[in-house]
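> Please read through the structure below; I'll follow up with questions.
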Amino acid sequence: MATRYVTPLREGGSLPGIVEGDDLGTYIMKFSGAGQGRKALIAEVVCGELGRRLGLRVPELVRMELDPVIGLSEPDQEVQALLKGSGGLNLGMDYLPGSLGFDPLAFEVGAREAGRVVWFDALINNVDRSWRNPNLLVWHGELWLIDHGAAMIWHHNWPAAEKGAARPYDASDHALATFGPDVAGAAEEFVPRVTEELLAEVAALVPDEWLADEPGFDSPDEVRQAYVRTLLARAHSISDRIVIGEPTKDKPSQAPAWLAAKLPRRAVK
Ligand SMILES: Nc1ncnc2c1ncn2[C@@H]1O[C@H](COP(=O)(O)OP(=O)(O)OP(=O)(O)O)[C@@H](O)[C@H]1O
Ligand SMILES: [Mg+2]
């Protein structure tokens, strides 16, 4: 249960906020009433919990009740409207105090770790880990993955999901593309681990009320099975379809000059 709304995070597109919980913990709250609504929250849970189970660092995710009354004294109209529209169940993410946004010039990432993150992002079709907006935090000297709300774009249009999920993944713009990601090594490690059982386990963590009334499905469990099916198929097919653009003379890189300057000494595998 959220007991206090502390402050909005201005840099987040969906206006996530810092809240305190009744366990006295501090959380980033992702609101059910925000732009992409509950689909973004489902993506956070399915992808975040899957990443964690694959050994990637993802801050703890918790279900959090919100009584919109805590927003009554909020001076910002936009924030007040968001809190009003988000009564009930929302998503909390453990706040990492003192974490820094990932800066590719200040933080070195090994080829193995870069490959694991790129492969995982390819699996969930995460387009929100570019050098423009890395959605990676550095905390206690390690890389942490946040913000999976825009992943699995196919779940916004289930009838076309199979086709959508079969598309390749272009990682040319990925925040870790210049670290020589060992995608083949990651595939070898991850493909056998992304099983139907594992996917069912993470899909089961999504609350029924975010899955209810999905057009074309009779029950929340049917929707869960659709997540399992699409991710399972993609796990087996995506490895060969991850594209990392080779920097060329005409197109040095899609990254800005400061990043492109790093490219020559990093082989893109
Ligand atoms: N667990 C966390 N601990 C500390 N800071 C965080 C945490 N999660 C998010 N932040 C900070 O809040 C910002 C916004 O969060 P996030 O990227 O999840 O929101 P968003 O609205 O989905 O953003 P986007 O603009 O990328 O769509 C992050 O860039 C980061 O600076
Ligand atoms: Mg973000």
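Just so it is clear, none of the values below were taken in a lab; they were calculated from the coordinates. The shown structure was predicted, so the numbers you read here are calculated from the model rather than taken from an experiment. Cβ placement follows ideal geometry from the backbone for every residue including glycine, while neighbour counts extend to all protein chains displayed.
> Which cross-chain or sequence-distant (5 or more) residues have an amide H under 5 Å from the amide H of Glu65, H modelled 1.01 Å from N in plane?
Those lying under 5 Å, H to H, from Glu65 are Ala2, Asn90.
> Using modelled amide H (1.01 Å from N, peptide plane; none on Pro or chain starts), what sits under 5 Å from the amide H of Ala171, excluding residues fewer than 5 places away?
Correct list: Val243, Ile244, Gly245.
> To continue, here is another question. In whole angstrom, how far apart do the alpha carbon centroids of region 182-214 and region 90-148 sit?
19
> Let me ask another. Return an integer: the convex hull volume of the alpha-carbon atoms of region 1-157, in Å³ per residue.
116
> Calculate one ³J(HN,Hα) per residue across region 17-25 by plugging θ = phi - 60° into the Karplus curve 6.51 cos²θ - 1.76 cosθ + 1.60, and present them in order as whole Hz with x for glycine and proline.
So the Karplus estimates, Gly and Pro as x, are x, 8, 10, 9, x, 6, 8, 6, x Hz.
> Any idea what the dipole of the chain comes to, in debye rounded to 20, about its Cα centre with Lys/Arg Cβ at +1 and Asp/Glu Cβ at -1?
For the chain, the charge dipole is close to 1120 debye.
> OK, next. Taking amide H positions as placed in the peptide plane 1.01 Å from N, state which residues far from Val6 in sequence (5 or more) or on other chains have amide H under 5 Å from it.
Under 5 Å from the amide H of Val6: Ile18, Val19, Glu20.
> Among Met1, Met93, which comes first, second and so on when ranked by fewest other beta-carbon atoms within 10 Å?
Met1, Met93
> Give a residue-ordered list of calculated ³J(HN,Hα) values for region 175-185 (Karplus: 6.51 cos²θ - 1.76 cosθ + 1.60, θ = phi - 60°; whole Hz; x for Gly, Pro).
Couplings: 4, 10, 4, 8, 9, x, x, 8, 5, 5, x Hz.
> In whole Hz, with x marking every Gly and Pro, tabulate ³J(HN,Hα) for region 136-147 from phi via Karplus 6.51 cos²θ - 1.76 cosθ + 1.60, θ = phi - 60°.
Along region 136-147, the couplings run 10, 10, 10, 9, 6, x, 10, 8, 10, 9, 10, 6 Hz.
> Per residue of the chain, what 222 nm ellipticity follows from adding -39500 (n - 2.57) for every DSSP H run with n ≥ 4, rounded to the nearest 500?
-9000 deg cm²/dmol
> Most exposed first by the Cβ proxy, i.e. fewest other Cβ within 10 Å, how do Val79, Val118, Val202 rank?
Sorted ascending by nearby Cβ count, the order is Val79, Val202, Val118.
> Compute the acute angle (0 to 90°) between the alpha-carbon long axis of helix 37-53 and the principal axis of greatest extent of the alpha-carbon atoms of the chain; round to the nearest 10°.
With rounding to tens, the tilt is 50 degrees.
> What percentages make up the Cα-Cα pair-distance distribution of the chain when the bins are 10 Å wide from 0?
Calculated P(r), rounded to whole percents: 7, 29, 33, 23, 8, 1.
> So, one more: P(r) for region 198-240: what percent of alpha-carbon pairs falls in each 5 Å bin, starting at zero?
Per 5 Å bin, starting at 0, the Cα pair percentages come out as 5, 24, 27, 20, 13, 7, 3, 0.
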